[in-house]
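Trainee: Questions regarding the structure given below will be posed in turn.
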Amino acid sequence: MTDNVIVTRDGAVQIVRMNRPEKKNALTRAMYEAMAKALRDGDADPAIRCHLFLGQPGAFSAGNDMADFIALASGNLSGDDVFDFLYALANSQKPIVSAADGIAVGIGATMHFHCDLTFVTPRTEFRTPFIDLGITPEAGSTLLAPVLMGRQQAFAMLALGEGFSAERALAAGLIYRIVGEDELEAAALAAAENIAAKPPEALKIARDLILGPREALLARIREEGDHFMGRLKSDEARNAFMAFMSRKKA
């Protein structure tokens, strides 16, 4: 698969670690594919009771790799691997815990809407600059964010692109707990182990009831994706990407 995603196990917990620190864990097609496979394999394995997503110190994920964005816009990539990951995430049959430190941008922010418990450090910030890049929100966030955060906080995050500090994310209901940088992974693993120790059938029923039917969520992911792919080819997005790349080179 890819060395940029490391999948290990700690007892009944499957640990999926994004491992591209030199690019702040910007996600490539191969990384999406590896994480989707990990979710599907873990769901199919009765020995796995919980998924745990980790990043790197200072960077959970900078979002989608910009080079892949450009390739998608030019039609050189299909985006199917991204959708495979989003569907696997939204349809996961096992609980998901995440631990984020530092930057959490784009999909690095929206994937936490699918997590049952999210731990962050005080320096973590969630940002979704979709509109500023001429594209649209993804990962079912337009459906999940208003439910979790309320309409106005959801608009501030997804439409205005305002950054959400750890404290603001906690107040908005996006995350579970703020812990110190040295405690982050241990706290998240302890929570995942606690989940994994619960009676699995009873836990699955409870989680399914909490989440509700997922058909609308899966349909929204596809609807968002259709808009997203269309926007990538727009003049707005092309100009925004060119301006972004120019700023990076400056």
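Trainee: Which of GLU185, GLU167 comes first, and how do the rest follow, when ranked by fewest Cβ neighbours within 10 Å?
Mentor: The most exposed by this proxy come first: GLU167, GLU185.
Trainee: Which of the pairs LYS24/LYS233; LYS24/LYS94; LYS24/LYS204; LYS23/LYS94; LYS23/LYS204; LYS204/LYS233 have their Cα atoms more than 31 Å apart in this structure?
Mentor: On the way: LYS24/LYS233 26 Å; LYS24/LYS94 27 Å; LYS24/LYS204 34 Å; LYS23/LYS94 29 Å; LYS23/LYS204 36 Å; LYS204/LYS233 41 Å.
As for pairs spanning more than 31 Å Cα to Cα, those are LYS24/LYS204; LYS23/LYS204; LYS204/LYS233.
Trainee: Residue by residue, what Karplus-based ³J(HN,Hα) values in Hz, rounded to whole numbers, does segment 114-123 have, using 6.51, -1.76 and 1.60 with θ = phi - 60° and x for Gly and Pro?
Mentor: 3J(HN,Hα) across segment 114-123, in whole Hz: 9, 8, 7, 9, 10, 9, 9, 9, x, 8.
Trainee: Right, something else. If packing is taken as the mean number of other Cβ atoms within 10 Å per residue, what is the order of 16-22, 55-61, highest first?
Mentor: Result, highest mean first: 55-61, 16-22.
Trainee: Still on this structure: Let me know the volume per residue of the alpha-carbon convex hull for segment 75-139, in Å³. Before the final figure, lay out the partial values.
Mentor: Numbers: hull volume 6.1 nm³, N = 65.
Taking only Cα atoms, segment 75-139 has a hull volume of 94 Å³ per residue.
Trainee: Moving on. In debye, nearest 20, what is the charge dipole magnitude of segment 28-120 about its Cα centre with +1 on Lys and Arg Cβ and -1 on Asp and Glu Cβ, if you could check? Provide the component values of the computation, followed by the final result.
Mentor: Values: 5 positive and 11 negative charges, 34 e Å.
That gives segment 28-120 a dipole magnitude of about 160 debye.
Trainee: Roughly how many debye, to the nearest 20, is the charge dipole of segment 142-232 about its Cα centre, given +1 on each Lys and Arg Cβ, -1 on each Asp and Glu Cβ, and no other charges?
Mentor: Values: 10 positive and 13 negative charges, 85 e Å.
Result for segment 142-232 is approximately 400 debye, rounded to the nearest 20.
Trainee: When a footprinting reagent is the concern and you count Cβ atoms within 10 Å, what order do LYS37, LYS94, LYS233, LYS204 take, fewest first? Please list the in-between numbers first.
Mentor: Values: LYS37 18, LYS94 23, LYS233 12, LYS204 15.
So the residues, fewest neighbours to most, are LYS233, LYS204, LYS37, LYS94.
Trainee: Which ³J(HN,Hα) values, rounded to whole Hz and listed in residue order, are derived for segment 93-107 from phi using the Karplus coefficients 6.51, -1.76 and 1.60 in 6.51 cos²θ - 1.76 cosθ + 1.60 with θ = phi - 60°, glycine and proline given as x?
Mentor: Karplus values, whole Hz, x for Gly and Pro: 8, 10, x, 10, 10, 10, 9, 10, 10, x, 6, 9, 10, x, 4.
Trainee: Enumerate the amide H contacts of ARG9 below 5 Å, restricted to partners 5 or more residues apart or on another chain; note that Pro and chain-start residues carry no placed amide H.
Mentor: ILE15
Trainee: Over its Cα atoms, what ratio of radius of gyration to 2.2 N^0.38 Å does segment 200-250 give?
Mentor: On the way: Rg = 19.3 Å, N = 51, 2.2 N^0.38 = 9.8 Å.
Cα-based Rg divided by the globular estimate yields 1.97.
Trainee: Under unit Cβ charges (Lys, Arg +1; Asp, Glu -1), what dipole magnitude, rounded to 20 debye, does the chain have relative to its Cα centre?
Mentor: Working: 27 positive and 32 negative charges, 59 e Å.
That gives the chain a dipole magnitude of about 280 debye.
Trainee: Can you bin every Cα-Cα distance in segment 1-144 into 5 Å intervals starting at zero and give me the percent of pairs per bin, rounded to whole numbers?
Mentor: That works out to 2, 10, 20, 25, 22, 14, 5, 2, 0, in percent per bin.
Trainee: Send over the semi-axes of the chain's equivalent ellipsoid, whole angstrom and largest first, taken as the square roots of 5 times the C-alpha gyration tensor eigenvalues.
Mentor: Over the Cα atoms of the chain, the ellipsoid semi-axes are 28, 19, 19 Å.
Trainee: Would you order HIS51, HIS114 from fewest to most other beta-carbon atoms within 10 Å of each residue's own beta-carbon?
Mentor: If I rank by nearby Cβ atoms, fewest first, I get HIS114, HIS51.
Trainee: Mind jotting down the distance between the C-alpha centroids of segment 205-250 and segment 99-139, whole Å?
Mentor: If we compute the Cα centre of each part, the gap is 12 Å.
Trainee: In Å and whole numbers, how far do the C-alpha atoms of segment 94-239 stretch along each principal axis, longest first?
Mentor: 51, 35, 24
Trainee: Between ALA104, TYR87, GLY161, whose Cα lies farthest towards the positive end of the dipole of the chain when Lys and Arg beta carbons carry +1 and Asp and Glu beta carbons carry -1, centred on the Cα centre?
Mentor: Result: GLY161, furthest along the dipole toward the positive end.
We did not get these values from a lab; they are worked out from the coordinates using the rules stated. Just so you know, these numbers come straight off a predicted model, no measurement behind them. When we count neighbours, we look across all protein chains shown, and the Cβ atoms used for this are built from the backbone with ideal geometry, even at glycine.
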